[in-house]
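Below is one structure, written out as structure tokens; comments come after it.
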Amino acid sequence: MIRLFKHYVPGSILLLAMAEALILLSSMHVGVSLRFITTHPGAIYSVGFLTPKAVIFAVVILGIMTAFGCINGIQGRKARGEGSFA
């Protein structure tokens, strides 16, 4: 358990969030590269510096996933057979 903003968060949840953030960041770069490499290879520079846009995308998607309850420890406990299934 790691204390974050006066709340205890399991290390596995932080690891999951970091892995998903990495996947979201890389998916933005791969998506833009695949979009422009096939049709107009020179147009990829018109997109500009992509990292700030990718970070904003990842933060928004992670925030939405947290708000909808996609990132929590209950699913992990249910998969291991702990806790109630109600």
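The values are calculated or read from the model by the stated rules, or taken from the named source; none is laboratory data. Everything quoted here is computed from the prediction, not taken from an experiment. Here Cβ is always computed from backbone atoms with ideal geometry, including for glycine, and neighbour counts include all displayed protein chains.
Quick one: in the stretch 36-58, which of the residues that are surrounded by 13 or more Cβ atoms within 10 Å (Cβ to Cβ) and at pLDDT 75 or above is farthest from residue 7 (Cα to Cα)?
Taking the stretch 36-58 as the starting set, the residues that turn out to be surrounded by 13 or more Cβ atoms within 10 Å (Cβ to Cβ) are 36, 44, 50, 53-55, 57-58.
Of the ones still in play, those that are also at pLDDT 75 or above are 36, 50, 53-55, 57-58.
Details: 36: 43, 50: 33, 53: 29, 54: 28, 55: 24, 57: 25, 58: 23 Å.
Here the residue is 36.
Have a look at 43, 19, 58, 54 and point out the one that is over 27 Å from residue 70 (Cβ atoms) and of a type outside the set (S, T, N, Q). Don't jump to the end; show me each part of the working.
Working: 19 fails: over 27 Å from residue 70 (Cβ atoms); 58 fails: over 27 Å from residue 70 (Cβ atoms); 54 fails: over 27 Å from residue 70 (Cβ atoms).
Every option except 43 fails the conditions.
Looking at the structure I just gave you, is residue 69 outside any helix (DSSP H, G or I), over 18 Å from the mean Cα position of the chain (by Cα) and either at pLDDT below 80 or exposed (fewer than 13 other Cβ atoms within 10 Å of the Cβ) (or both)?
Details: outside any helix (DSSP H, G or I): yes; over 18 Å from the mean Cα position of the chain (by Cα): no; either at pLDDT below 80 or exposed (fewer than 13 other Cβ atoms within 10 Å of the Cβ) (or both): yes.
So residue 69 does not fit the description; no.
Can you tell me which residues in the stretch 1-58 are free of Cβ contacts under 8 Å to residues at least 24 places away in the same chain, of a type in the set (Phe, Trp, Tyr) and either touching a helix residue (DSSP H, G or I) at 6+ places or on another chain (Cβ under 7 Å) or not in a strand (DSSP E or B) (or both)?
The answer is 5, 36, 45, 49.
Against the condition at pLDDT 90 or above and either among the β-branched types (Val, Ile, Thr) or closer than 20 Å to residue 2 by Cα (or both), how does residue 61 come out, does it pass?
On the way: at pLDDT 90 or above: yes; either among the β-branched types (Val, Ile, Thr) or closer than 20 Å to residue 2 by Cα (or both): yes.
Judged against the criteria, residue 61 is a match.
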